[in-house]
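**Q** Supplied in structure tokens, the structure appears directly below.
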Amino acid sequence: MLDALRKNANSWVFKILLSVLVLSFVGWGIGDYITGGSNTTAVSVDGTDISVYAINSAYQTNVQNVRRQLGTQELDPEVLQSLRIGEKTIQQTVRDALVDNAAKDINLTVSDKHLVEFIRKNQQFLDAEGKFDSERYKRTLQTIGMTPERYEDQLRDNLRRATLNDIFSTGLFLNDEAIKRAAAQNTETLNIAALRLSQSDIPAVDKPTAADVEAFYNTNAQSFISPEYRSIDVLEISIPALMAKVSVPDEDVKAAFDSNPNAYTLPEERRARHILVGSKEEAEDVINRLNQGSDFVALAKELSLDPGSKNKGGDLGYFKRGDMVEDFANTAFSLAKGAISTPVETPFGFHVIKLEDIKPQRTQSFEDVKEEVAETVKQQRAEEMYFDLVEAVEDGVAAGDSLNAIAQANGLTVLGFDSIKRNGTNAADVAVSLPEIGKDGILAEAFEMATGDISQGLELGDNNTYYVAVRHITEESQLPLETVRADIEKALTQKAEIEALREKARQIILAQQAGDSLQQAAYNKGVRKKVESYADIKRDRTNAPEWLTADVIKQLFEVGEGKNLGDGIGLNGDMILVQNTKITQHAPTQTDLDAAKQQFANSIARELQIQFMMTLQNEAKVKLKRNMIRQAIPNEELPENWFN
């Protein structure tokens, strides 16, 4: 498969269709995974080493994304385990490494021009007029703790993967008859009758006996374990926190400015208009029309292919040389004010450029940049303090001092946390206020240490180092029956109620099979509820009630008219009986046919991608280090066969 890709690599079209760039996702590209040393390697993919810190960072990012999607700051431990975020993080890490290695194998690259084009179109980096703002770009990245260099490296990786995947959706042969059948299927509609059974429709169930409770407890003893608890101390050394303590006298700020005034020189800026067309011949025709007296602004509005500047007469505003692709910048910065260029070719097409104005390079005064210089000096001094403190703490640990003694000697504060579980919650399942940036890494380290131990410095994040000491360990233990009796009684009662509901549903279905309508069957079995009707339901859930999923709709189409869907649908302790009452066929429109064609193409492309990934995975040599994975993903048990 790789040989075939190599042969076609040069013919690929760069057409990545991404409408929104989610920075939190891009924030953990494979570039962060690669590490030079094997002592921190958690995963190795065909010789590419991925560090424990990178996996932990990716895991934290994914957990935070899930929290935002669910609208909660904390996730129940059981929910966290059931979502398998750690497992998916490892799988995505391996997939990314495999794709990157495959891309390198066929010499697939993303050019600087393509990278710049993608960044300049990102809505998050545009100003109020829709133009790229380099300062906004830097500020936006700073809010998520990234430098432009790191972001661009990771974006390049993501674009390269997208380009590799793009081949699977090109040149596909699609059968017209199959498309017509799919469109007809997509447009057919379904009518249903539904009856929701709840606890009020069944007699009260018997309370579980003491023997039932005890038997359940003994059979499920492993479910009633009190987890391990640890009491820990955490010492944090943080550059942002140190900066808040630094005070810089005005004379020091002035001295810093005087020592390097060129650092605060604003580069030359130019304001230009352009007309973007598709060929050199079209660009030459534009120049001829301008030479004959046509208005540049009017021609830009009529002819330009640039949607961002077309309606503004081609006006690009002021820009620096580095804001534009190289060939465009070289021409714009060589023109005299008022001059019009010859055709300029770039990856976007052919440009005709008119220079409107020039802002010469100029040095800012001290007063203009005083705050910026002060912030730079504070940053430098905080960094010096940071490294001095890290060295002092390391010396104290080596000398055998306690974490509290080390902190007191260096003007630092130790944060104490009592009786916390491996997932960072207390006995009441409430999250403790561990430092957010280093939380998962701190927990991973703390639960690998012995009582009295002090960890090595944990560099979690770009500007934070943490030291962890374990004060006390409470081992996991079996919870006594009396502690969990009420919970077991509740679970057994709910189980009995669900079974009673299922039995009531079975009785109604049997009555239907004997000839009764759903409404008659329900009434005869003591259920005094109205059967609800829903009409014109499509496979994409159009007109469907909230509880009816696309998968259930598919099954209802398959069972046929007049038939029930099995024994019903369980929903929040209730049972819903659903009957297919009618299927209506509709003639597909051209829009329906186009949608079915796209659906077919996407489905085939996904299948090709899956086959490609399976080939890569089958040929790959992947190694996972159990102890490192446990540190990177402390809150989840991964499949045992991963480590065999």
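**Q** Report whether or not Thr581 is out of contact with any Pro (no Cβ under 7 Å at 6 or more places or on another chain), touching a residue at least 60 places away in the same chain (Cβ under 8 Å), open to solvent by 40 Å² or more (accessible area, probe 1.4 Å) and of a type in the set (Val, Ile, Thr).
**A** Details: out of contact with any Pro (no Cβ under 7 Å at 6 or more places or on another chain): yes; touching a residue at least 60 places away in the same chain (Cβ under 8 Å): yes; open to solvent by 40 Å² or more (accessible area, probe 1.4 Å): yes; of a type in the set (Val, Ile, Thr): yes.
When the stated conditions are applied, Thr581 passes them.
**Q** Go through segment 414-448 and give me each residue that's part of a loop (DSSP other than H, G, I, E, B), among the aliphatic types (A, V, I, L, M), over 25 Å from Thr40 (Cα atoms) and touching a residue at least 12 places away in the same chain (Cβ under 8 Å).
**A** Taking segment 414-448 first, the residues part of a loop (DSSP other than H, G, I, E, B) are 421-424, 426-430, 432-438, 447-448.
Filter once more, so that each one left must be among the aliphatic types (A, V, I, L, M): 427-428, 430, 432, 434, 437.
Cutting the leftovers down to over 25 Å from Thr40 (Cα atoms) gives us 427-428, 430, 432.
Once the filter is applied, which keeps residues that are part of a loop (DSSP other than H, G, I, E, B), among the aliphatic types (A, V, I, L, M), over 25 Å from Thr40 (Cα atoms) and touching a residue at least 12 places away in the same chain (Cβ under 8 Å), segment 414-448 yields Ala427, Val430, Val432.
**Q** Kindly evaluate Arg321 against the criterion of being in contact with a Phe, Trp or Tyr (Cβ under 8 Å, 6 or more places away or on another chain) and at negative phi. Outline the logic, then answer.
**A** Working: in contact with a Phe, Trp or Tyr (Cβ under 8 Å, 6 or more places away or on another chain): yes; at negative phi: yes.
Against the criterion (in contact with a Phe, Trp or Tyr (Cβ under 8 Å, 6 or more places away or on another chain) and at negative phi), Arg321 qualifies.
**Q** Could you pull out the residue among Lys359, Lys337 that is under 30 Å from Val253 (Cα atoms), exposed (fewer than 14 other Cβ atoms within 10 Å of the Cβ) and modelled with pLDDT of 90 or more?
**A** Details: Lys337 fails: under 30 Å from Val253 (Cα atoms).
The conditions single out Lys359.
**Q** Let me ask another. If you take the residues in segment 227-261 that are under 17 Å from Leu458 (Cα atoms) and either among the hydroxyl-bearing types (Ser, Thr, Tyr) or at pLDDT 90 or above (or both), which one is most open to solvent (accessible area, probe 1.4 Å)?
**A** The first filter runs over segment 227-261 and keeps only residues under 17 Å from Leu458 (Cα atoms), leaving 232-241.
When the remaining residues are screened for being either among the hydroxyl-bearing types (Ser, Thr, Tyr) or at pLDDT 90 or above (or both), the result is 232-238.
Numbers: Ile232: 0, Asp233: 15, Val234: 1, Leu235: 0, Glu236: 65, Ile237: 2, Ser238: 12 Å².
Going through the qualifying residues, I end up with Glu236.
**Q** Sticking with this one: Taking the residues in segment 412-433 that are of a type in the set (S, T, N, Q) and open to solvent by less than 60 Å² (accessible area, probe 1.4 Å) as candidates, determine which candidate is nearest to the chain's Cα centre (by Cα). Quick ask: steps written out before the conclusion?
**A** If we filter segment 412-433 for residues that are of a type in the set (S, T, N, Q), which is where we start, we get 413, 419, 423, 425-426, 433.
Then drop every residue that is not open to solvent by less than 60 Å² (accessible area, probe 1.4 Å), which leaves 419, 423, 425-426.
Working: Ser419: 32, Asn423: 21, Thr425: 24, Asn426: 28 Å.
It comes out as Asn423.
**Q** Can you give me the number of residues within segment 605-637 that are of a type in the set (Val, Ile, Thr) and touching a Ser or Thr at 6+ places or on another chain (Cβ under 8 Å)? Even if it seems obvious, please write down each step before you answer.
**A** Kept after step one, since they are of a type in the set (Val, Ile, Thr), are these residues of segment 605-637: 610, 615, 622, 629, 633.
The next check asks that each one be touching a Ser or Thr at 6+ places or on another chain (Cβ under 8 Å); those that pass are 622, 633.
Residues flagged as of a type in the set (Val, Ile, Thr) and touching a Ser or Thr at 6+ places or on another chain (Cβ under 8 Å) within segment 605-637 amount to 2.
**Q** Assess whether Arg271 counts as being modelled with pLDDT of 90 or more, touching a strand residue (DSSP E or B) at 6+ places or on another chain (Cβ under 9 Å), part of a strand (DSSP E or B) and open to solvent by 50 Å² or more (accessible area, probe 1.4 Å).
**A** Details: modelled with pLDDT of 90 or more: yes; touching a strand residue (DSSP E or B) at 6+ places or on another chain (Cβ under 9 Å): yes; part of a strand (DSSP E or B): yes; open to solvent by 50 Å² or more (accessible area, probe 1.4 Å): yes.
So Arg271 fits the description; yes.
Residues checked against (1) in a helix (DSSP H, G or I); (2) modelled with pLDDT under 50; (3) under 23 Å from Gln631 (Cβ atoms):
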{"site": "Asp49", "(1), (2), (3)": "no, no, yes"}
{"site": "Ile55", "(1), (2), (3)": "yes, no, yes"}
{"site": "Thr61", "(1), (2), (3)": "yes, no, yes"}
{"site": "Thr72", "(1), (2), (3)": "no, no, no"}
{"site": "Gln81", "(1), (2), (3)": "yes, no, yes"}
{"site": "Gly86", "(1), (2), (3)": "yes, no, yes"}
{"site": "Ile90", "(1), (2), (3)": "yes, no, yes"}
{"site": "Leu98", "(1), (2), (3)": "yes, no, no"}
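**Q** Looking only at residues that are assigned to a helix (DSSP H, G or I) and farther than 15 Å from Thr265 by Cβ in segment 338-375, which one is nearest to the chain's Cα centre (by Cα)?
**A** The initial filter retains those residues of segment 338-375 that are assigned to a helix (DSSP H, G or I), namely 366-375.
Checking which are farther than 15 Å from Thr265 by Cβ leaves us with 367, 370-371, 374-375.
Values: Glu367: 42, Lys370: 38, Glu371: 35, Ala374: 36, Glu375: 32 Å.
Among residues in segment 338-375 that are assigned to a helix (DSSP H, G or I) and farther than 15 Å from Thr265 by Cβ, the one nearest to the chain's Cα centre (by Cα) is Glu375.
**Q** Which residue out of Ala544, Ala550 is open to solvent by less than 30 Å² (accessible area, probe 1.4 Å) and touching a Lys or Arg at 6+ places or on another chain (Cβ under 9 Å)? Let's see the steps before the verdict.
**A** Values: Ala550 fails: open to solvent by less than 30 Å² (accessible area, probe 1.4 Å).
Criteria check complete, one pass: Ala544.
**Q** Which of the residues spanning segment 289-334 are surrounded by fewer than 12 Cβ atoms within 10 Å (Cβ to Cβ) and not in a helix (DSSP H, G or I)?
**A** Listed by number, the residues that qualify are Gln292, Gly293, Pro307, Ser334.
**Q** For segment 515-541, how many residues are on the phi > 0 side of the Ramachandran plot, more than 31 Å from the chain's Cα centre (by Cα) and surrounded by 13 or more Cβ atoms within 10 Å (Cβ to Cβ)?
**A** Residues of segment 515-541 that are on the phi > 0 side of the Ramachandran plot, as a first pass: 515, 526, 536, 541.
Checking the rest, the ones that are also more than 31 Å from the chain's Cα centre (by Cα) come to 515, 526, 536.
If we keep only those that are surrounded by 13 or more Cβ atoms within 10 Å (Cβ to Cβ) too, we end up with 536.
Residues in segment 515-541 being on the phi > 0 side of the Ramachandran plot, more than 31 Å from the chain's Cα centre (by Cα) and surrounded by 13 or more Cβ atoms within 10 Å (Cβ to Cβ): 1 in total.
**Q** Please identify the pairs in which a residue from segment 300-313 that is under 14 Å from Arg271 (Cβ atoms) has its Cβ atom under 8 Å from the Cβ atom of a residue that is part of a helix (DSSP H, G or I) and open to solvent by 100 Å² or more (accessible area, probe 1.4 Å), counting only partners at least 6 apart or on another chain.
**A** Cβ pairs passing all conditions: Gly313/Lys301.
**Q** Another one. Could you tell me which residue of segment 174-226 is most open to solvent (accessible area, probe 1.4 Å), considering only residues that are farther than 21 Å from Pro588 by Cα and under 36 Å from the mean Cα position of the chain (by Cα)?
**A** Applying the first criterion (farther than 21 Å from Pro588 by Cα) to segment 174-226 yields 192-226.
Remaining after also requiring under 36 Å from the mean Cα position of the chain (by Cα): 222-226.
Numbers: Gln222: 155, Ser223: 86, Phe224: 26, Ile225: 50, Ser226: 25 Å².
In this case the residue turns out to be Gln222.
**Q** Given the options Glu394, Glu383, name the one that is part of a helix (DSSP H, G or I), among the charged types (D, E, K, R) and either in contact with a Ser or Thr (Cβ under 7 Å, 6 or more places away or on another chain) or within 27 Å of Val253 (Cβ to Cβ) (or both). Break it down stepwise before answering.
**A** Details: Glu394 fails: either in contact with a Ser or Thr (Cβ under 7 Å, 6 or more places away or on another chain) or within 27 Å of Val253 (Cβ to Cβ) (or both).
Step by step, each of Glu394, Glu383 is checked, and only Glu383 is part of a helix (DSSP H, G or I), among the charged types (D, E, K, R) and either in contact with a Ser or Thr (Cβ under 7 Å, 6 or more places away or on another chain) or within 27 Å of Val253 (Cβ to Cβ) (or both).
**Q** What are the residues in segment 391-411 that are of a type outside the set (Gly, Ala, Ser) and open to solvent by 30 Å² or more (accessible area, probe 1.4 Å), if any?
**A** Going through segment 391-411, the residues of a type outside the set (Gly, Ala, Ser) turn out to be 391, 393-395, 397, 401, 403-404, 406, 408, 410.
Glu391, Glu394, Asp395, Val397, Asp401, Asn404, Gln408, Asn410 - these are the residues of segment 391-411 that are of a type outside the set (Gly, Ala, Ser) and open to solvent by 30 Å² or more (accessible area, probe 1.4 Å).
**Q** Please work out which one of (1) under 16 Å from Thr581 (Cβ atoms); (2) open to solvent by less than 30 Å² (accessible area, probe 1.4 Å); (3) assigned to a helix (DSSP H, G or I) is the condition Glu558 fails and give its number.
**A** (2)
**Q** Ok, one more. Could you check Asp100 against (1) open to solvent by less than 20 Å² (accessible area, probe 1.4 Å); (2) out of contact with any strand residue (DSSP E or B) (no Cβ under 7 Å at 6 or more places or on another chain); (3) more than 25 Å from Lys621 (Cβ to Cβ) and say which number it fails?
**A** Result: Asp100 fails condition (3) only.
**Q** Output the number of residues of segment 442-471 satisfying the condition of being of a type outside the set (A, V, I, L, M), open to solvent by less than 60 Å² (accessible area, probe 1.4 Å) and farther than 19 Å from Val393 by Cα.
**A** Result for segment 442-471: 1.
Here is a yes/no grid of residues against (1) more than 29 Å from the chain's Cα centre (by Cα); (2) part of a helix (DSSP H, G or I):
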{"position": "Gly566", "(1), (2)": "yes, no"}
{"position": "Met575", "(1), (2)": "yes, no"}
{"position": "Asn580", "(1), (2)": "yes, no"}
{"position": "Asp594", "(1), (2)": "yes, yes"}
{"position": "Leu616", "(1), (2)": "no, yes"}
{"position": "Asn627", "(1), (2)": "no, yes"}
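The values are calculated or read from the model by the stated rules, or taken from the named source; none is laboratory data. Worth saying up front: this structure is predicted, and the values here are computed from it rather than measured. All Cβ positions, even for glycine, are placed from backbone atoms using ideal geometry, and neighbour counts span all protein chains on display. For accessibility, only protein heavy atoms count, side chains too; no ligands or nucleic acids. Shrake-Rupley method; radii C 1.70, N 1.55, O 1.52, S 1.80 Å.
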